[in-house]
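The values are calculated or read from the model by the stated rules, or taken from the named source; none is laboratory data. Everything numeric in this text was worked out from a predicted model, so none of it was measured. Here the Cβ is made from the backbone with ideal geometry for all residues, glycine too, and neighbour counts use every protein chain on show. For the accessible areas, the whole protein counts, side chains as well, though only heavy atoms, and no ligand, DNA or RNA atoms are used. Shrake-Rupley method; radii C 1.70, N 1.55, O 1.52, S 1.80 Å.
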Amino acid sequence: MEAERSRGQHAGLDARTIRRAAVRLVDREGLSALSMRGLGAELGVKAMALYHHFPNKEALLDGMVEEIVTATPVAVEGGDWREGLGEYARTRLGDLMEHPNLVPLLLSRPGDTEGNHRMMEELLRLLGAAGFPPVRALDMVYALNALVLVHAALAVDAGGASTPVGEAGQNARLMALSPRTYPLLNRAAHEAADRGPTARFEFALEALLSGFAEARER
């Protein structure tokens, strides 16, 4: 490894390089392993070099949230708003599932960064072109992001549950119930056993998009 350097301006660093290195570190070792000193070692610099770009660890965590959130592309204007939102939600879920160690971070931080705000502005512009007023479009974006984040948290066990909490774990527990006592729960779980891992998410997403469409007509 190249000798450690103390000054960020001499290390060829920029904020995005640091954010991405932090994401890689957490992907590999978990969020508890993240420290400014450890991240500096990852990049081959002293920790002080990072403070030229992030004044503290809290700012770095916000930057990592931005790195994950802004990786999801927003559909260009002119397309079908429902199709665009659906693609955005599915892609964002896939992005989160690639970084399970970071899902708890996204649950715990509001994501008030310039990059996040630019993405939300693009989503509101897309929805505004489809006839939704800004206040309703913002409600839609928050509702959609909440659906994605909660589903991702359940799927990756972000709460640290002792038993699986995703759809497969839920179905397994319901299938174990007595069919005499809980015939409908047991039957539904068995019928859902062969579905894909995002079937329940797809159902909720389509229901949410249909509700948005009905609200616009009203």
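Residue-wise test of (1) closer than 19 Å to Ile18 by Cα; (2) over 12 Å from the mean Cα position of the chain (by Cα); (3) not basic (Lys, Arg).
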residue: Leu31; (1), (2), (3): yes, yes, yes
residue: Lys57; (1), (2), (3): yes, yes, no
residue: Gly63; (1), (2), (3): yes, yes, yes
residue: Trp81; (1), (2), (3): no, yes, yes
residue: Tyr88; (1), (2), (3): no, no, yes
residue: Asp112; (1), (2), (3): yes, yes, yes
residue: Leu123; (1), (2), (3): no, yes, yes
residue: Leu127; (1), (2), (3): no, yes, yes
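Taking the criterion of being aromatic (Phe, Trp, Tyr) and part of a helix (DSSP H, G or I), would at least one residue in segment 187-203 satisfy it?
Within segment 187-203 (the criterion being aromatic (Phe, Trp, Tyr) and part of a helix (DSSP H, G or I)), the answer is yes, since at least one residue qualifies.
Regarding Leu177, is this residue exposed (fewer than 15 other Cβ atoms within 10 Å of the Cβ) and part of a loop (DSSP other than H, G, I, E, B)? Outline the logic, then answer.
Details: exposed (fewer than 15 other Cβ atoms within 10 Å of the Cβ): yes; part of a loop (DSSP other than H, G, I, E, B): yes.
For Leu177, the condition - exposed (fewer than 15 other Cβ atoms within 10 Å of the Cβ) and part of a loop (DSSP other than H, G, I, E, B) - is met.
Determine, yes or no, whether Arg82 is under 20 Å from Val150 (Cα atoms), assigned to a helix (DSSP H, G or I), open to solvent by 50 Å² or more (accessible area, probe 1.4 Å) and at pLDDT 90 or above. Before you say what the answer is, go through the steps one by one.
Values: under 20 Å from Val150 (Cα atoms): no; assigned to a helix (DSSP H, G or I): yes; open to solvent by 50 Å² or more (accessible area, probe 1.4 Å): yes; at pLDDT 90 or above: yes.
No.
Yes/no matrix, rows are residues, columns are (1) farther than 30 Å from Leu13 by Cβ; (2) open to solvent by 20 Å² or more (accessible area, probe 1.4 Å); (3) among the β-branched types (Val, Ile, Thr); (4) modelled with pLDDT under 90:
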{"site": "Met64", "(1), (2), (3), (4)": "no, no, no, no"}
{"site": "Gly94", "(1), (2), (3), (4)": "no, yes, no, no"}
{"site": "Phe132", "(1), (2), (3), (4)": "yes, no, no, no"}
{"site": "Tyr142", "(1), (2), (3), (4)": "yes, yes, no, no"}
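Return the only residue of Val103, Val150 being surrounded by 18 or more Cβ atoms within 10 Å (Cβ to Cβ) and not polar (S, T, N, Q). Don't jump to the end; show me each part of the working.
Numbers: Val150 fails: surrounded by 18 or more Cβ atoms within 10 Å (Cβ to Cβ).
Answer to the check: Val103.
Check off (1) exposed (fewer than 13 other Cβ atoms within 10 Å of the Cβ); (2) over 19 Å from Val103 (Cα atoms); (3) modelled with pLDDT under 95; (4) not aromatic (Phe, Trp, Tyr) for Ala161 and give me the number that stays unchecked.
(2)
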